[in-house]
Amino acid sequence: MILLEAQNLHSGYGEMEILHGVSMRLDSQEIVTIIGPNGAGKSTLIKTIFGLLRPTAGQVTFKGLDITGKPPRDLVLDGLAYVPQSNNTFPSLTVLENLEMGAITRRASPIPMPWNRSRGSATSPRMMNDSQIRRRAIETIALFPNLRPKLRERAGNLSGGEQQMVALAKSMMLDPDILLIDEPSAGLAPKLVDMVFSKIVEINGSGTSVVMVEQNAKKALAIANRGYILETGRNRYEGAAKELLQNTDVAKLYLGG
């Protein structure tokens, strides 16, 4: 079943168009990776899907419903979560406080807010009360047991790999249907890259579908079901991840031979 689909997306920054008709899809329970050279439009694609950028043309659908240009806050309530490449934790807050902040957009408020009116405010099925947030925090820590002894430490004092785990855990507090991840291995040592990718596989195994933008193309394709290769803002190759890994042209151009 197609869970998320982008069709013929044109998007960019101001008058500079970066995406020139990019398309992709994510099926239920899949990991899909977006790879390609620097400047190919990978991050622009994921930001456009998540509503951080508004496309000038094309459409994004989630569970068959048009979400093109929908604000990120609404998309979070719909079941999407996003982990940016950088500035993805609150370094001055503890790990536990980061997890609590991860659920804040779904926290039921006793005061009706403009963004909740169309959703029934605190009665929305995607909103959570304090006890539900605590229960979700327990579930999330179970998924990230290495963070348990670090709960009272400031996120900014952790290693790069641990901070990436906090970013993933914070997004999983939303109990998303889809996790959009931008460059999870950026700046990490090879051993930490393996740890982060292993956790992404585990997250997927727990029922969350994943779209991952990644520079480490070989490792990304190794854990993905399918892949898309972008070049200069356009689709260049797409297909099953194993087939892309075995494609001699793809290997020569994008996988270092």
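The values are calculated or read from the model by the stated rules, or taken from the named source; none is laboratory data. None of the values given here were measured: they were computed from a predicted structure. Here Cβ is always computed from backbone atoms with ideal geometry, including for glycine, and neighbour counts include all displayed protein chains.
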Exactly one of (1) under 29 Å from G205 (Cβ atoms); (2) surrounded by fewer than 22 Cβ atoms within 10 Å (Cβ to Cβ); (3) over 18 Å from the mean Cα position of the chain (by Cα) is unmet by V95. Its number? (2)
What is the one condition in (1) touching a helix residue (DSSP H, G or I) at 6+ places or on another chain (Cβ under 6 Å); (2) at pLDDT 95 or above that Q164 does not satisfy? (2)
Which numbered condition K70 fails, given (1) under 24 Å from I200 (Cβ atoms); (2) crowded, with 17+ Cβ neighbours inside 10 Å; (3) of a type in the set (K, R): (1)
Qualifying position, being in contact (Cβ under 8 Å) with a residue 12 or more places away in the chain and within 13 Å of the chain's Cα centre (by Cα), among P37, P55, P84, P71: P84
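Given the residues S159, S185, S131, which is the only one that is free of Cβ contacts under 8 Å to residues at least 24 places away in the same chain and of a type in the set (S, T, Y)?
The match here is S131.
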Given the structure, is V196 of a type in the set (V, I, T), buried (at least 18 other Cβ atoms within 10 Å of the Cβ) and modelled with pLDDT under 95? yes
If I31 satisfies every condition in (1) farther than 28 Å from V250 by Cβ; (2) buried (at least 17 other Cβ atoms within 10 Å of the Cβ); (3) not aromatic (F, W, Y) but one, which is the exception? (1)
Suppose we keep only residues that are touching a residue at least 12 places away in the same chain (Cβ under 8 Å) and more than 23 Å from V210 (Cβ to Cβ) within the stretch 137-156. Which one would you say is surrounded by the fewest Cβ atoms within 10 Å (Cβ to Cβ)? R152
State whether the residues of the stretch 232-255 include one that is acidic (D, E), farther than 26 Å from Q164 by Cβ and surrounded by fewer than 16 Cβ atoms within 10 Å (Cβ to Cβ). yes
Search result, residues across the stretch 202-221 that are surrounded by fewer than 18 Cβ atoms within 10 Å (Cβ to Cβ) and more than 14 Å from S185 (Cα to Cα): E202, G205, S206, G207
Can you confirm whether the stretch 196-207 contains a residue that is farther than 28 Å from G161 by Cα and not basic (K, R)? no
Failed item, numbered, when N235 is tested on (1) out of contact with any Leu (no Cβ under 7 Å at 6 or more places or on another chain); (2) closer than 30 Å to E100 by Cβ; (3) in contact (Cβ under 8 Å) with a residue 12 or more places away in the chain: (2)
Residue by residue through the stretch 215-244, note down the ones that are charged (D, E, K, R) and at pLDDT 95 or above. R226, E231, R234, R236, E238, K242, E243
Can you tell me which residue in the stretch 3-20 is surrounded by the fewest Cβ atoms within 10 Å (Cβ to Cβ), limited to those that are in contact (Cβ under 8 Å) with a residue 40 or more places away in the chain and aliphatic (A, V, I, L, M)? L3
So if I check each of A217, A222, A240, which one is within 25 Å of N8 (Cα to Cα) and over 17 Å from the mean Cα position of the chain (by Cα)? A240
